[in-house]
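The block underneath contains the structure these notes are about, expressed in structure tokens.
None of the figures in this text is laboratory data; all of them are computed from the coordinates on show. Since the model is a prediction, treat every value here as computed from it, not as a measurement. Neighbour counts are summed over all protein chains in view; Cβ atoms, including those assigned to glycine, are modelled from backbone coordinates with ideal geometry.
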Amino acid sequence: MKKILTLITLLIFTTVANAESRLNTIQKNGELRVGTTGDWDPMSMKDPATNKYKGFDIDVMKELSKDMGVKVKFVPTDWKTIVSGITANRYDLSTSVTKTPKRAEVAGFTETYYKYGTVPLVLKKNSKKFSTWDSLNNKGVTIATTLGTSQEEKAKEFFPKSKLKSVEAPARDFQEVLAGRADGNITSSTEANKLVIKYPQLTIVNDGEKNPAFLAMMVPKGDKVWNDYVSKWIKDKKASGFFNTLLAKYNLKSL
Amino acid sequence: MKFIKYFALLLLLQGCGTDYEWGWYILNPNNVEGLTNLKFLISGITTTIYISVISIILAMIIGLVVALPSLSNNKFLSYFNIAYVEIVRAIPLLVLILWIYYGLPIMMGISFSPFVSGIIALTISESAFQAEIFRAGINSIHKGQHEVAGSLGMDFWKKMRFVILPQAIKVVLPALGNQFVYVLKMSSLVSIIGIADLTRKANELVTTTYRPLEIYTFLILEYLILILLVSFCVRRLEKKLER
């Protein structure tokens, strides 16, 4: 009986400890743990020369930790498990992800600080056949998507008539287009511009950007103290022009 | 025979005939960028080797411990062996890795580092296969030897240590080598929880170069060289034990 009682008290105490805001634990440990995938150009990537993370979001996190007066520690994660890392307390917040309703079910979003549009990519030799968004929404057209990305959810909405083909990272949707197994894929305007330079056989369908998407960091759902803290920091930094300088550094334009 | 050769050549040429332009410059050691990229890719090799070697050694110990009860006449012990092997063998490795890394902190508040989580998952998964190999190896030694050793007054442990296991090791060595190769390849799955092994390094480099085909081809070569080395060592060991 005594044992059971101790066990119960122990359980209660651990839940109480869990209810404590991450803001406290970060300040106590002097370390901000940031989950990042390292596979999103130019937000978060690995520099082959130094084996360290670099990118827009990495700079944002370094600034945040500097202002908090704590060290920053980047925890590598993956798109499929980036949300699990938040719920399993592997890190205190993630680098930016696209806000989606599904992610919002299990994680909290901070104030947003970047917007981008979505464009379709097709092979250059097919650019006459697929010159509009509508032309890609047809029976017999295959659209490639990457599993777990926000584009996968959007592709279902944009192309209800087409066949969707989902590949799993590290395989990528654009490789399916290159290999001729899919007619097109959709991606952020930021990535599309880089891809057409690397692969001259690809081209952007020139029919406007769709679906302005909002980027924000993910924090544990329900930790209002921590979320408010980061959101306020983002607002202050926007006002001070920090984000504009950073956008210019990475040659980015927010919509 | 000639026909087959020409046919294969034709297939190959067709494969090269697409308008894909290889971008091997990203891995060319003669320019600075290529050399940096190469070094970055190869730097994952120590992690891959550490994880695989530690896992296979732990799995061998656990495998042997799990295999021994199967030889006992005690029903409870042999059921333990069957239950362990059947259950562990049925869990996909990827699921086990994710469960240990993301599941344990939520369910029990136990939080292992990615490296330790990866080793635990690989070890558990591999130990079931090792147990079966050891069981088969021990069973392959003639029953008469058990009896003779017993009549010499040896107890179970002495019998195992001096008579059965030294012979069984020779029998199972090729199978163990096989499993080592398997673990080396399966260790690529730990990249999903952020361990910087060969595969993770390749995934990270793809992001900045946008050249997955070249990088994954190089990754195949890296694993190929590693595994050929292991095979070579196992064969040498086999020959040595034969003498």
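Data overview
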| read-out | value |
| --- | --- |
| Per-residue average of Cβ from other chains inside 10 Å of A:182-190 | 0 |
| Chain B: relative contact order as a whole-number percent, Cα under 8 Å and 6+ apart | 25 |
| Spin-label proximity, A:Gln201 to the stretch A:154-190 - amide N less than 17 Å from point 7 Å beyond Cα toward beta carbon | A:172-185 |
| Cα gyration tensor, the stretch B:87-201 - rounded (a/c under 1.5), prolate or oblate | prolate |
| Relative packing of peptides B:33-40, A:144-151 - highest average C-beta neighbours within 10 Å first | A:144-151, B:33-40 |
| Shielding of A:33-39 by partner chains, average beta-carbon count, 10 Å | 3 |
| Nearest-0.05 FRET efficiency for A:Lys73 and B:Glu33, computed from C-beta distance (R0 30 Å) | 0.60 |
| For the stretch B:25-242: lysine pairs under 16 Å (alpha-carbon distance), excluding those fewer than 8 apart on one chain | 6 |
| Net charge over other residues, Cβ less than 13 angstrom from the Cβ of A:Val167 (K, R count +1; D, E count -1) | 0 |
| Alpha-carbon Rg with Dmax, taken over the stretch B:25-242, Å | 21.1, 72 |
| Listed peptides A:232-245, A:154-167 by packing density, highest first (mean Cβ within 10 Å) | A:154-167, A:232-245 |
| Global geometry of the stretch A:116-212, whether rounded, prolate or oblate, following the gyration tensor of its Cα atoms and the 1.5 cut on a/c | rounded |
| Unit charges on C-beta of K, R, D, E only; dipole of chain B, Debye | 940 |
| Shielding by partners, peptide B:196-205 (average Cβ within 10 angstrom, other chains) | 4 |
| Relative contact order %, chain A, counting alpha carbon pairs below 8 Å whose residues are six or more apart | 24 |
| Cα-projected label distance for A:Asp134 with B:Arg89, points at 7 Å along beta-carbon direction, nm | 6.0 |
| Relative contact order (%) - criterion: Cα under 8 Å, at least six apart; region: the stretch A:116-212 | 46 |
| Estimated FRET transfer efficiency when R0 is 51 angstrom, pair B:Ser72-A:Lys235 (beta carbons, to 0.05) | 0.15 |
| Rounded, prolate or oblate (a/c below 1.5 giving rounded, otherwise prolate when a/b exceeds b/c) for chain A by Cα gyration tensor | prolate |
| Cα centre as origin, Lys/Arg/Asp/Glu Cβ charges: the protein assembly as shown dipole, Debye | 540 |
| Student exercise, the stretch A:109-255 dipole from Lys, Arg, Asp, Glu Cβ charges, in Debye to nearest 20 | 320 |
| Cross-link partners of A:Lys71 among lysines (Cα-Cα below 21 Å; sequence separation of 8 or more within a chain) | A:Lys28, A:Lys46, A:Lys52, A:Lys54, A:Lys62, A:Lys232, A:Lys237 |
